1. Filter region 307-329 for residues that are small (Gly, Ala, Ser) and under 18 Å from the mean Cα position of the chain (by Cα); which is nearest to ALA234 (Cα to Cα)?
2. For the subset of region 166-183 comprising residues that are among the β-branched types (Val, Ile, Thr) and assigned to a helix (DSSP H, G or I), which member is surrounded by the most Cβ atoms within 10 Å (Cβ to Cβ)?
3. Based on this model, can you work out whether ALA150 counts as closer than 26 Å to PRO225 by Cα and hydrophobic (A, V, I, L, M, F, W, C)?
4. Picking from GLY307, GLY344, GLY275, which residue would you name as being at positive phi and at pLDDT below 95?
5. Taking only region 318-338 into account, find how many residues are open to solvent by less than 30 Å² (accessible area, probe 1.4 Å) and either modelled with pLDDT under 95 or not in a helix (DSSP H, G or I) (or both).
6. Please name all residue pairs, on different chains or six or more residues apart, with Cβ atoms under 7 Å, provided the first residue is in region 203-224 and is touching a residue at least 60 places away in the same chain (Cβ under 8 Å) and farther than 18 Å from HIS239 by Cα and the second residue is charged (D, E, K, R) and open to solvent by 40 Å² or more (accessible area, probe 1.4 Å).
7. Check PRO118, PRO159 and return the single one that is within 30 Å of ALA51 (Cβ to Cβ), in contact with an Asp or Glu (Cβ under 6 Å, 6 or more places away or on another chain) and at pLDDT 95 or above.
8. Give region 282-317 a look and list any residue that's of a type in the set (S, T, N, Q), surrounded by fewer than 22 Cβ atoms within 10 Å (Cβ to Cβ) and in a strand (DSSP E or B), or say none.
Amino acid sequence: MKKRLRAARWARAFTRGAMTLARMTSASAGRVLKQARRDAVTPRPGLGVGAGTWRQGLAIGMDGALRYRLYGPPDIKTGERLALMVMLHGCGQDAEGFAMCTGMNRVAAEKRFMVLYPEQDPLSNPQRCWNWFETRHGRAHAEAELILKAIDQVCTLNPVNPQQIAIAGLSAGASMAALLVTRHPSQFKALVMHSGVAPGTAHSTLTAFSAMRGRRPTLPLDATPNDMATDWPALMVIHGDADTTVSPTNAEAAAQNWAQAAAARSGQVHRRQRGQRYAMAVTDFKNRDRLVARLVLVAGLGHAWSGGAANQPFADGRGPDASRLAWTFAAQRFQRPGLPEAAGGF
């Protein structure tokens, strides 16, 4: 009887996945594959692909399906294994728009790593926001698992080093990235939150708006200092001090949350400025010599990707280059333990 019940549940789950796949994929399989090949060789202007590849994919899980875009640098050699940067867009964006906004593909072409852009479906959220706050009924967790499914698929089908994966996001994407890391910390070596809210701060739409304004406490991470040292990735938080959409207090709360779980202490605030770009106030949180979290507050930056394409929504080209900062931070986490902390990007 139990076996029949499990079989029936599996059949229902499979049917739901198949129906979601059919709903999300309006073209036939042949047309989708043909479009993917065309996108790989003729990318749209502004994506920074150059001679690299720009492909589309679809990950299917028990709770639905998820489209994604994948950038690969040119001339990948046989046997080569590259790092992977996962990029989660914010509300009002899609994968292609986020690639254009951040310019991460150009950094990937130069530094030779792959970039995965999962894409929220408008059927899941009309504004394409990740539902990071819907934790009470499990919707946020289901989306996180779909993103992980896309990561696993990309690692299986592409020359990716599974020991060198970092994740970054903007706004709702930052909050979803952090939620995913709290569920699967050992999968990632670095987390970059840009203008987001720390996990454990909201559980519904109403509480999410309150959290964005900095009016909700953040629950402590379910991790010990030993857990943080062995399994959890380091955190970088980037936030504009002129952000009126997501309060900068959320940035400080996220960094402090990571630091408290790891028994880390804050260092001195270092102010840095490069040319005419906005100045940064950088604070590192360390447990002995191990960097646990880095807080970067950008003076004058609103709710936008710092150093992004000036002609794109949710980007401010006058800020320090957040894409390069994120990659430099991740690349240092990929290095062998014990290497000294590099100053890169600052």
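1. Residues of region 307-329 small (Gly, Ala, Ser): 307-310, 315, 317, 319, 322-323, 326.
From the residues that got through so far, the ones that are under 18 Å from the mean Cα position of the chain (by Cα) too are 307-308, 315, 322-323, 326.
Values: GLY307: 22, GLY308: 23, ALA315: 25, ALA322: 16, SER323: 17, ALA326: 12 Å.
Per the stated criteria, the residue is ALA326.
2. Pass one, region 166-183, residues among the β-branched types (Val, Ile, Thr): 167, 181-182.
This time we only want the ones that are assigned to a helix (DSSP H, G or I), so: 181-182.
Working: VAL181: 23, THR182: 16.
Residue satisfying both the conditions and the ranking: VAL181.
3. Details: closer than 26 Å to PRO225 by Cα: no; hydrophobic (A, V, I, L, M, F, W, C): yes.
Taking the combined requirement at face value, the residue does not satisfy it.
4. Numbers: GLY307 fails: at pLDDT below 95; GLY344 fails: at positive phi.
Answer to the check: GLY275.
5. Total meeting the criteria: 2.
6. Listed by first residue and then by second, the contacts come to HIS203/ARG136; SER204/ARG136; THR207/ARG216.
7. Working: PRO118 fails: in contact with an Asp or Glu (Cβ under 6 Å, 6 or more places away or on another chain).
Selected residue: PRO159, the only one of PRO118, PRO159 that is within 30 Å of ALA51 (Cβ to Cβ), in contact with an Asp or Glu (Cβ under 6 Å, 6 or more places away or on another chain) and at pLDDT 95 or above.
8. Taking region 282-317 first, the residues of a type in the set (S, T, N, Q) are 283, 287, 306, 311-312.
So of that shortlist, the ones also surrounded by fewer than 22 Cβ atoms within 10 Å (Cβ to Cβ) come out as 283, 287, 311-312.
Within region 282-317, THR283, ASN287 meet the criteria.
The values are calculated or read from the model by the stated rules, or taken from the named source; none is laboratory data. A quick note: this is a predicted structure, and the numbers were derived from the prediction, not measured. FYI the Cβ positions are ideal-geometry reconstructions off the backbone, even for glycines, and counts take in every protein chain you see. These area figures cover heavy atoms from the full protein model, side chains too; ligands, DNA and RNA do not enter into them. Shrake-Rupley method; radii C 1.70, N 1.55, O 1.52, S 1.80 Å.
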